[in-house]
1. Using a cut-off of 14 Å between beta-carbons, work out the net charge of the residues near E256 (Lys and Arg +1, Asp and Glu -1, E256 not included).
2. Have a look at T288, G306, V353 and report the one farthest towards the positive end of the charge dipole of the chain, computed about the Cα centre with Cβ charges (Lys/Arg +1, Asp/Glu -1).
3. Protein chains only, probe 1.4 Å: how do M244, M280 rank by accessible area, largest first?
4. Accessible area, 1.4 Å probe, largest first: how do F187, F289 sort?
5. Accessible area per residue, 1.4 Å probe, Å², for the chain: what's the number?
6. If I ignore ligands, DNA and RNA and count only protein heavy atoms, how much of Y176 is accessible to a 1.4 Å probe, in Å² to the nearest 10?
7. Once R0 is set to 22 Å, what does the formula 1/(1 + (r/R0)^6) return for the Cβ-Cβ distance between L273 and L179, expressed as a FRET efficiency to the nearest 0.05?
8. When the Cα centres of the range 91-149 and the range 356-427 are compared, how far apart do they sit, in Å?
Amino acid sequence: MFNTEMLASDPLGNIIGSGIFISPKGVLEHAGSVGLSLIVWVCGGGICTLGSMCYAELGVTIPKSGGDYSYVTEIFGGLVGFLLLWSAVLIMYPTTLAVIALTFSNYVLQPAFQNCFPPFIATKLLATICVLFLTWVNCSSVRWATRIQDIFTIGKLLALVLIIIVGLVQISKGHYDALRPSVAFEFSQDPSVGQIALAFLQASFAYSGWNFLNYVTEEVVEPRKNLPRAIYISIPLVTLVYTMTNIAYFSSMTPEELLSSNAVAVTFGEKLLGMFSWVMPISVALSTFGGINGYLFTSSRLCFSGAREGHLPYLLAMIHLKNCTPIPALLLCCIATVVILCIGETHNLINYVSFINYLSYGVTIAGLLYLRKKRPNLARPIKVNLLIPISYLIFWAVLLGFSLYSEPVVCGLGMVIMLTGVPVYFVGVQWKEKPKWLYRLVEKLTYKGQKVCYVVFPQDDPSETEPLTAKPEQLLHS
């Protein structure tokens, strides 16, 4: 089986992502004031803490890799699990990758276009090249992918540490006018619940790695002890870092300057770092580059779990014969990402993917309550107070309801795409008596895919090779 050390060894690095360089503009735009935007950042971390406590219980109660997908499949059955998988493969991961790739491109190109935004086509082209290159790296070597993640995490931390330190220096000099309560709560627009909900969606994009450890529960050493420990330490720390980063931004930039910037950290560096302002775009570019690499790695792991459960073609559960890399799964994610890159815009894409993310989180945590009722005697090494999942679900319902009301097209489109998985599930998974010619076609395509990608099933689990050697009709699951 291919290596998952990248996710299991660095929980903090997986949560602190490039979202903090993308989301501040969207949070401020929807919140309407500096003070309310900071409240959104702090509360966003608190909501993630509640969610992560629920996931800790699920992670040790259902110790399977695959995160939300594995839990929902176990609790609610195949259809609901498939819909989560379908939305993750077609929406969540490709859209997140597209947003991070566009951010990488903006930060690389912005210094060359100081008085205007970079050309639209140049931004898209560079983002596409970045995704293609990192897909090739992940297809070529697990070790290379892991090394890239380790090295480029330094760029992410360097940028954030530099921003926070410079911001604290500014505050110590008395430059905190925008943070004074009398100024911080001056609203540029009348606040509404719908706009605040969208501000939370923007912030949630930056926190979106909080459940990554649950995708590799089977590979975490002593998950009953280490999974909750990693969660309880990392999320409060991330919340502090994100809040301090935003405070640093406002110590040197007016709300108008932040909203008009296409690359907030670059603008911050140009104002305060002088001749060393080049450090900021390079650091953020390194961060986003590593973020793309990490999401490619995680998405392939989810495809593997889905194919193993029979919800995706078995070809996606295969790995390269020599390099042990999941080439078919990586190529699928790469293609979906490039398609979204060609048609999407960063701000709308964040609302789009955050809405679907929150939808899947809520369904998963609702599953915790259902499992408590359905199987009350199930061994639960970690058992959270019922007020925690109930509080999360109340917030979840309000957030999604008002987000859908405020952005019906963007958020509604995600739901429509998710629901298209219903007929796919019944035709591809539930329908067992398919025509023999269809079985032969799928078997032939799987064989061709194996030859082109030079992939086989992981050899440490003989049961996974049975579908190819036993009944070819078992191949058609999607």
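1. On the way: positive: K25, K271; negative: E29, D177, E186, E257.
For residues surrounding E256, the net value is -2.
2. Checked the options; the winner is G306.
3. Numbers: M244 50, M280 0 Å².
Sorted descending by solvent-accessible area, the residues read M244, M280.
4. My answer, sorted largest first, is F187, F289.
5. Working: 19720 Å² over 478 residues.
Ligands and nucleic acids excluded, the figure is 41 Å² per residue.
6. Estimated to the nearest 10 Å², Y176 gives 80 Å².
7. 0.60
8. Their Cα centres are 31 Å away from one another.
The values are calculated or read from the model by the stated rules, or taken from the named source; none is laboratory data. What you are looking at is a predicted structure, and each value in this text was computed from that prediction instead of being measured. For neighbour counting, all protein chains shown are included, and Cβ atoms are generated from backbone atoms with ideal geometry for every residue, glycine included. These accessible areas exclude ligands, DNA and RNA; they are computed on the full protein's heavy atoms, side chains included. Shrake-Rupley method; radii C 1.70, N 1.55, O 1.52, S 1.80 Å.
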